[in-house]
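Written below as structure tokens is the structure these notes are about.
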Amino acid sequence: MPPRTSGGKGARTFYLVRADHSPRFLPLQDSTMRTAASLRNEETRVVIDAQIDNLRQQIQNMQERIAVLGAERNSVVPIASLPPELLIRIFGLVAQTNFSFVRVPALIDLMLVCRHWKDLASAAHTLWNDITIAGKNSERYFKEHLRFTGTAPLTIKIFEFDAPYFIPCLFDNAARLKSLALSTITDTKYLFQFMRRMPSYEFPVLESLALNINLDPSSFPQVVPRNACLPGKLLDGHHLPRLAELSLWCVGVPLESLPPLRSLDLRGSQAVAGTRHSIHAILTYLQSCPELHTLRLSRAIAGRGVDDLPTVSLPKLELLHIQSLVYDFEDLLTHLTFPPTARLELFTDGIETGTDIRNMLVPIRRHARAPAAPVALAISLRVPPATEESQHFCIATYPDAEPIISLDQKPLLLLNSHPSNARDLRLVMTKVLKALPTDSITHLDAHGANLPRVSWRLALALLPSLEEVGLRVEDAGTQFLSGALSSAGNPVSRVVIYSLVDEGDYEETTTPFLSALMRLVHTYDHDGTQLDRLDIRDRSDGMRLTDTQIAALRRRVGEFILNGDSTEEDM
């Protein structure tokens with residue numbers, strides 16, 4: 001449509017008519033003005049953008065200069081003179097002291113220090129080759145961690161093998177797996193899928209393999225197939241040529257197919273076929289394992305099998321851990337010979353009376369009293385509160401003289417039993433203490449030992465060299481103090497007390513404990529032989545010691561220590 005015009009004579013103004021014939025018109029004068037303004041704005045933006053780009057370039061140049069200066073400054077720091085190999089070794093030690101389940105947080109902190117450390121740590125594949133997965137939804141972390149490992153041999157531990165993405169990642173790296181531990185506590189589906197596919201791959205450097213089902217036994221029929229067994233083809237010597245350590249919890253295995261191992265850990269279940277073996281089958285297999293240093297059998301023994309059992313020597317055995325019936329212990333310990341330095345952890349079922357343990361103590365006594373056996377300096381007793389069915393009694397000896405045994409200390413001998421009542425517990429304890437060389441024991445950890453006073457009096461009489469005892473403010477500690485008070489002579493010369501008392505337990509627990517402690521100290525002082533030392537560790541002031549009580553303890557004890565502050569008698 002041609003433009004319309006309006007205005008008086010000599011003046012023309014053009015209008016454009018909208019395509020939709022709207023009565024509104026757009027004057028060409030206004031359009032031209034707006035176009036010019038737009039051009040001016042665009043020119044302004046171009047100028048401003050150029051200035052911004054210039055400033056950004058200056059900032060980048062300054063940041064690069066700062067980085068160069070920072071690198072120069074770091075180069076004169078003493079640690080920068082260390083060779084890369086030594087720095088990588090230090091990085092590895094720092095990561096090992098990280099208390100989380102994974103090492104990555106400590107390594108990432110190191111990488112944030114400077115660019116040199118970042119480049120060094122990311123290129124050191126051996127820093128990343130120990131991968132631990134402890135939680136769910138770890139796919140991104142797992143794959144990223146694998147990327148940092150390069151071509152280094154892998155140590156992988158997955159505590160909950162419950163996702164499909166683990167399987168292809170593991171098989172893609174089968175050629176460099178050195179140690180693999182897979183556990184499940186909820187769903188076994190993916191673990192069995194992995195096991196079934198393992199014979200399709202080769203693991204040329206795999207030395208340690210652990211496949212552990214750690215479920216409530218009552219749930220086994222629902223989630224664990226009865227034929228959950230390690231594929232026999234996998235044990236042909238070709239797929240796992242370097243296998244030396246094997247751990248199978250509730251996963252069956254034909255013992256006759258196993259190669260000679262240095263460590264074997266089997267946990268059996270009656271609900272899963274192939275997980276329990278006769279003593280004859282176990283001994284027959286062990287004949288091929290002269291290098292074995294660790295043997296763990298937890299509910300994996302199913303009777304003798306045959307009457308004629310071979311005697312097997314394990315000259316390099318360091319740890320024997322057994323959980324089974326008492327007569328299985330008798331057979332196994334009678335037909336195994338191993339060094340007197342080997343540690344024994346024995347969790348027995350069927351020891352209810354002193355008679356039940358008599359035959360089992362014969363090889364234990366012979367082992368503990370062998371000329372080359374390590375000397376036990378400390379002993380711990382654990383007796384939880386009794387139930388209606390039975391009592392629980394655990395005794396352990398240690399080579400280090402400590403009044404409170406820490407969890408990381410390894411016992412020379414640990415013996416666990418379930419006597420039927422307090423009298424039978426006392427008989428079992430007496431027989432065990434008489435079988436052990438207790439003349440060397442100077443330290444006793446008595447916390448958690450809920451023994452009556454008469455049992456403590458008997459136990460103290462069987463520990464003639466006892467010097468120091470560790471107690472906690474609890475009913476068991478009160479019973480010990482009462483038993484020591486009624487013992488002949490003064491059985492201990494030093495007492496260490498740990499206070500872990502809740503606010504609501506003061507009247508019920510602390511008051512009788514303090515009363516028993518003050519009576520013991522007073523009696524010793526009255527007899528003319530003070531306690532050499534009383535060490536009370538009560539940072540939270542749960543014992544609420546009064547000034548009068550503290551003054552009395554200082555007068556009647558050779559050395560009184562309260563939360564690290566020592567006070568000698570003559571002060």
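Sorted from largest to smallest, which semi-axis lengths in Å does the alpha carbon gyration tensor of the range 315-368 give for its equivalent ellipsoid, taking the root of 5 times each eigenvalue?
So the equivalent ellipsoid measures 20, 11, 9 Å along its semi-axes.
Antiparallel DSSP bridges in the chain: what percent, to the nearest 5?
20
Per residue, how large is the accessible surface of the range 309-434? Use a 1.4 angstrom probe and give square angstrom.
Accessible surface, normalised per residue, equals 44 Å².
Using a Förster distance of 35 angstrom, determine the FRET efficiency expected from the C-beta separation of TYR165 and ARG73, and round it to 0.05.
Between TYR165 and ARG73 the formula returns 0.20.
Pick out, from PRO371, ASN54, PRO168, the residue whose Cα sits farthest towards the positive end of the charge dipole of the chain, with +1 on the Cβ of Lys and Arg and -1 on the Cβ of Asp and Glu.
The Cα lying farthest towards the positive end belongs to ASN54.
Through the Karplus equation 6.51 cos²θ - 1.76 cosθ + 1.60, θ set to phi - 60°, convert the phi angles of the range 159-174 into ³J(HN,Hα) values in whole Hz; use x for Gly and Pro.
Values per residue, Gly and Pro as x: 7, 9, 7, 10, 9, x, 5, 4, 4, x, 4, 5, 5, 4, 10, 4 Hz.
Along the charge dipole of the range 412-481, which of PRO419, LEU462, THR442 sits closest to the positive end, that is, farthest toward it, with unit charges on the beta carbon of Lys, Arg, Asp and Glu (+1, +1, -1, -1)?
Positive-most Cα among the choices belongs to PRO419.
Cβ neighbours within 10 Å, averaged per peptide: list 423-429, 315-321, 452-458 in order, most packed at the top.
423-429, 452-458, 315-321
Explain nothing, just the number: dipole magnitude of the chain about its Cα centre with +1 on each Lys and Arg Cβ and -1 on each Asp and Glu Cβ, in debye rounded to the nearest 20.
2600
I need the calculated FRET efficiency for the pair GLU318 and HIS238, taking r as the beta carbon distance and R₀ as 30 Å, to the nearest 0.05.
0.50
Any chance you could look up the accessible area of THR442 with a 1.4 Å probe, heavy atoms only, rounded to 10 Å²?
30
As a test, work out the antiparallel percent of DSSP beta bridges whose residues both lie in the range 276-428, rounded to the nearest 5.
Expressed as a percentage, antiparallel bridges in the range 276-428 total about 35.
When the distances between all Cα atoms of the chain are binned every 20 Å from zero, what whole-number percent does each bin get?
So the P(r) values, bin by bin, are 15, 33, 29, 11, 6, 5, 1.
Taking the Cα centre of the range 334-427 as origin, sum charge times position over the Cβ atoms of Lys and Arg (+1) and Asp and Glu (-1), and report the length of that vector in debye to the nearest 20.
Roughly 460 debye for the range 334-427.
For the chain, which whole percent of the accessible surface, found with a 1.4 angstrom probe, sits on carbon and sulfur atoms?
Result for the chain: 53 percent of the exposed heavy-atom area is carbon or sulfur.
Please report, in whole Å, how far the alpha carbons of the range 339-381 spread along each principal axis, starting with the longest.
31, 21, 14
Got a sec to turn the phi values of the range 285-290 into Karplus ³J(HN,Hα) couplings, 6.51 cos²θ - 1.76 cosθ + 1.60 with θ = phi - 60°, whole Hz, x for Gly and Pro?
Once rounded to whole Hz, the list reads 5, 4, 4, 8, 10, x.
For n ≥ 4 DSSP H runs only, could you compute -39500 (n - 2.57) per run for the chain, divide by its residues and tell me the 222 nm figure to the nearest 500?
Helix contribution divided over all residues of the chain: -10500 deg cm²/dmol.
If r is the Cβ-Cβ distance from ARG554 to ARG366 and R0 is 45 Å, what FRET efficiency results, to the nearest 0.05?
FRET efficiency, ARG554 to ARG366: 0.40.
Full-extension gain between SER81 and ASP408, please, as 0.36 nm times their residue separation minus the C-alpha to C-alpha distance.
Additional length available on full extension: 114.0 nm.
Non-local amide H neighbours of GLU160 (under 5 Å, H modeled in plane, Pro and chain starts lacking H): which ones?
SER183
Relative contact order for the chain using alpha-carbon pairs under 8 Å, separation at least 6, rounded to a whole percent?
Averaging sequence separation for qualifying contacts and normalising by length gives 5 percent for the chain.
Hey, what do the phi angles of the range 425-430 turn into as Karplus ³J(HN,Hα) couplings, whole Hz, using 6.51/-1.76/1.60 and θ = phi - 60°, x for Gly and Pro?
Running phi through 6.51 cos²θ - 1.76 cosθ + 1.60 with θ = phi - 60° gives 4, 5, 5, 4, 4, 4 Hz.
Between LYS434 and GLU43, 0.36 nm times their residue separation minus their Cα-Cα distance comes to what?
130.6 nm
Under a point-charge model restricted to the Cβ atoms of Lys and Arg (+1) and Asp and Glu (-1), what is the dipole moment magnitude of the range 265-417 relative to its Cα centre, in debye to the nearest 20?
The dipole of the range 265-417 has a size of about 300 debye.
Lys and Arg at +1, Asp and Glu at -1: add these up for the other residues within a Cβ distance under 12 Å of VAL47 and post the number.
Its environment carries a net charge of -2.
The values are calculated or read from the model by the stated rules, or taken from the named source; none is laboratory data. Keep in mind that this is a model prediction, so the values were computed, not measured. Note that each Cβ is placed from the backbone with ideal geometry, even for glycine, and that neighbours are counted across all protein chains shown. Areas reflect the complete protein model, heavy atoms only, side chains present, ligands, DNA and RNA absent. Shrake-Rupley method; radii C 1.70, N 1.55, O 1.52, S 1.80 Å.
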